[in-house]
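Contents: one structure, followed by commentary.
The values are calculated or read from the model by the stated rules, or taken from the named source; none is laboratory data. What you see is a predicted model, and the numbers here were worked out from it, not measured in a lab. Every residue, glycine among them, receives a Cβ derived from its backbone with ideal geometry; neighbour counts consider all protein chains shown.
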Amino acid sequence: MDTFMDEIKNIKMLTRVVAVGVLVNFAIIALLQGPEAVGFDPTFGTITAILNFVIAFCTSGVLMGIYVVFDVKKTFDLAHMHNVLFVAVCVQMIFSLGAVFTYNSVFENVLTASQVGAIGGSITNTIFFLYGMYAYLLVTRDHNNLLSSRTQTVGKVFAGIIVPVQVLTLFGLIPAAVFAPLFVLGGVILYPLLMIGIGDAIGNYSE
């Protein structure tokens, strides 16, 4: 059986898959579908659903790597947030393919694919909030300086954008014109950079 050290390079690769997946997913939604698209699209919706499944699946693997490399169990608040985020990512992964299965189901469905997709997407803002909190705790509890100073800065800026935006969004205080650029900066630019930086830290880890 391979040990964790044998799999480290694979975990680093997973962070690259997540980063590329996020960028491709955004490109499809923003450029091919367009912001005016509403409901489940049998072509692009299927592609983005599969991408979201891959992203969530790979993220769960990255979180397992983080747990070992950063010795997460030694810090209570980070360990608690780690467990919460891991469960959230697994839920996200389960929901990701729901609309596709519904659309292609051979049985009659009570809910449409668009409705199932909307239900799955309803947890997105909560999960983004958890990502922001987790990123902040990870970079501020990195007592062994495993992350580069650039990655630590990226993580703090990411958290500094995502957490307040999601809190204000909860109360409807963020206008769409402001939310969109902040989402792109935090979720499409900074998040992939953070994942790559975490991948580098995991790849450079030695017992």
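If we scan the range 159-166, do we find a residue that is small (Gly, Ala, Ser), within 18 Å of the chain's Cα centre (by Cα), within 24 Å of Gln92 (Cβ to Cβ) and buried (at least 16 other Cβ atoms within 10 Å of the Cβ)? Scanning the range 159-166, I find at least one residue that is small (Gly, Ala, Ser), within 18 Å of the chain's Cα centre (by Cα), within 24 Å of Gln92 (Cβ to Cβ) and buried (at least 16 other Cβ atoms within 10 Å of the Cβ), so the answer is yes.
Among the residues of the range 105-149 satisfying the criterion of being in contact (Cβ under 8 Å) with a residue 12 or more places away in the chain, part of a loop (DSSP other than H, G, I, E, B) and aliphatic (A, V, I, L, M), which is surrounded by the fewest Cβ atoms within 10 Å (Cβ to Cβ)? Only one residue tops the list, namely Ile123.
The residue pairs whose first member lies in the range 53-69 and is at pLDDT 95 or above, whose second member is among the aliphatic types (A, V, I, L, M) and surrounded by fewer than 18 Cβ atoms within 10 Å (Cβ to Cβ), and whose beta carbons are closer than 6 Å, counting only pairs six or more residues apart or on different chains, are Phe53/Leu97. Tell me, yes or no, whether the range 70-83 has at least one residue that is surrounded by fewer than 17 Cβ atoms within 10 Å (Cβ to Cβ) and within 22 Å of Gly121 (Cα to Cα). Checking the range 70-83: at least one residue is surrounded by fewer than 17 Cβ atoms within 10 Å (Cβ to Cβ) and within 22 Å of Gly121 (Cα to Cα). Within the range 180-194, residues that are in contact (Cβ under 8 Å) with a residue 40 or more places away in the chain sit with their Cβ atoms under 7 Å from residues that are of a type outside the set (S, T, N, Q) and surrounded by fewer than 17 Cβ atoms within 10 Å (Cβ to Cβ), at 6+ positions apart or across chains, in these pairs: Val188/Leu23; Pro192/Leu23. Filtering the range 1-22 to residues that are assigned to a loop (DSSP other than H, G, I, E, B) and of a type in the set (A, V, I, L, M) leaves only Met1. Comparison of Leu85, Leu14, Leu78, Leu63 shows that the only residue that is aliphatic (A, V, I, L, M), touching a Lys or Arg at 6+ places or on another chain (Cβ under 8 Å) and farther than 20 Å from Gly117 by Cα is Leu78.
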